[in-house]
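No lab work stands behind these numbers, since they all come straight from the coordinates. Model, not experiment: these values are computed from the prediction. Neighbour counts run over all protein chains shown; Cβ positions are idealised from the backbone, glycine included.
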Amino acid sequence: MGVIDLRSDTVTKPTEEMRAAMAAAEVGDDVYEDDPTVKMLEEESAALTGQEAGLFVTSGTQGNLVALLCHCRRGDGAIIGRNCHIYNYEAGGLAVLGGILPLLADDAGGIVKKEEVESWVIPPDVHKAPAKLLCLENTHNREGGTAVAPDIFKEVTDAAKVKGLKVHLDGARIFNAATAWDVDVRKYTAEVDSVQFCLSKGLGSPVGSMLCGPKEFIREARHWRKRLGGGLRQVGVLAAAGLISIRKMKDRLIEDHKNAQKLANMLADGGLFVEEPGRRTNMVYFSVGPDGPDANAVVEACKKEGILFNSVSDRRIRLVTHLGITESDVETAARSILREAFAS
Ligand SMILES: Cc1ncc(COP(=O)(O)O)c(C=O)c1O
């Protein structure tokens, strides 16, 4: 029996087409900026996101960190949602390496409210770290993988700009958001000063993310990336897969969303407490309820049946659909989860 891996969309393996393109990639030394495949990926990513320039980075975490290091100096504040990935899961890089103070804001529902953004911008005060940047995340992982509506997103980015803030978008799954609202991704990415998106999640590449923004910002980002040890050499072998991600793989994300919705429906029909994000993408969060077994017990029991997923707290579980998950996998997984959740 094959394993059904719903832990994350980071578990995808490169397609045959990607492997062939990687093997055949034309390469050069990218620290000298002469890898033609990387250049192509950077140019196409910039055009796709409506930004002037792009930079290949090793991971989403590196892309976000480089962006924050460019936008803020030591002692500056960055407004960040309490549930955001940058604050919760990136090892405090902004504080450790940037001396940046996270100014925490409520992001329940997937985005920080405009009023809260405005309230962080205050006249110069010797006691305070001045707010310089707003960080947004879309889709919002911990908020159910919800995709924020383009008009709400714009309202918040406009409010930040009026207050003189820069805006960075952690768009690890921004193509999922654009798919969920059926809009061009530029509805989000052209509204911000910088955007990071992941090639290695729903888009299926084995490694890498893109950071896009104005030319001068990307010049500085290249410098920070080098300082962080992220200046890679014949990295066209990875960029070749990235090109397939941005040219072809974004068009299949809708399948992942349909599979996630089917999974959510089956679990809810079976009696589990399934969270309803404002707009579902490729994630399903649910809880087994106060009388059910501990979330970890369900995780461990299903693991024995070859169904893998993670708990995010004692009672809350996350499932993620992706390239490696079919409709029939979703049906098998739902049956197994329901059996184990109501086993006792
Ligand atoms: C919303 C979000 N941002 C950033 C990242 C970081 O990406 P990476 O794992 O490539 O560092 C992740 C990873 O899961 C994520 O979910």
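Mind checking which residues of region 293-332 are more than 27 Å from Ser245 (Cα to Cα) and buried (at least 22 other Cβ atoms within 10 Å of the Cβ)?
Matches in region 293-332: Ala295, Val298, Ile317.
Name the residues in region 205-216 that are surrounded by 23 or more Cβ atoms within 10 Å (Cβ to Cβ) and either more than 11 Å from the chain's Cα centre (by Cα) or away from the ligand (no atom under 16 Å from the Cβ) (or both), would you?
Residues satisfying the conditions are Ser205, Gly208, Met210, Leu211, Cys212, Gly213.
Counting only residues that are in contact with a His (Cβ under 8 Å, 6 or more places away or on another chain) and within 16 Å of the ligand (Cβ to nearest atom), give me the helices (runs of 4 or more DSSP H) lying completely in region 1-110 with at least 3 of them.
60-71
State yes or no: is Gly28 crowded, with 20+ Cβ neighbours inside 10 Å, in contact with a helix residue (DSSP H, G or I) (Cβ under 9 Å, 6 or more places away or on another chain) and in contact (Cβ under 8 Å) with a residue 12 or more places away in the chain? Working first, answer last.
On the way: crowded, with 20+ Cβ neighbours inside 10 Å: no; in contact with a helix residue (DSSP H, G or I) (Cβ under 9 Å, 6 or more places away or on another chain): yes; in contact (Cβ under 8 Å) with a residue 12 or more places away in the chain: yes.
Judged against the criteria, Gly28 is not a match.
I need a count of the residues in region 77-97 that are surrounded by 21 or more Cβ atoms within 10 Å (Cβ to Cβ) and in contact with a Leu (Cβ under 6 Å, 6 or more places away or on another chain).
So the count comes out to 3.
Among (1) under 14 Å from Arg279 (Cβ atoms); (2) within 16 Å of the ligand (Cβ to nearest atom); (3) touching a helix residue (DSSP H, G or I) at 6+ places or on another chain (Cβ under 7 Å), where does Trp181 come up short?
Answer for Trp181: the failing condition is (2).
Looking at region 234-242, is at least one residue in contact with a Cys (Cβ under 7 Å, 6 or more places away or on another chain) and part of a helix (DSSP H, G or I)?
no
Any chance you could count how many residues in region 111-137 are more than 13 Å from His168 (Cβ to Cβ) and within 15 Å of the ligand (Cβ to nearest atom)?
Count: 1.
Within region 113-127, how many residues are in a loop (DSSP other than H, G, I, E, B) and within 17 Å of Gly164 (Cα to Cα)?
So the count comes out to 6.
Can you tell me which residue within region 154-204, out of those that are buried (at least 20 other Cβ atoms within 10 Å of the Cβ) and of a type in the set (Asp, Glu), is farthest from Leu238 (Cα to Cα)?
Going through the qualifying residues, I end up with Glu191.
Tell me which residues, restricted to region 205-220, are assigned to a helix (DSSP H, G or I) and within 16 Å of Thr58 (Cα to Cα).
Hit for region 205-220 is Ile218, nothing else.
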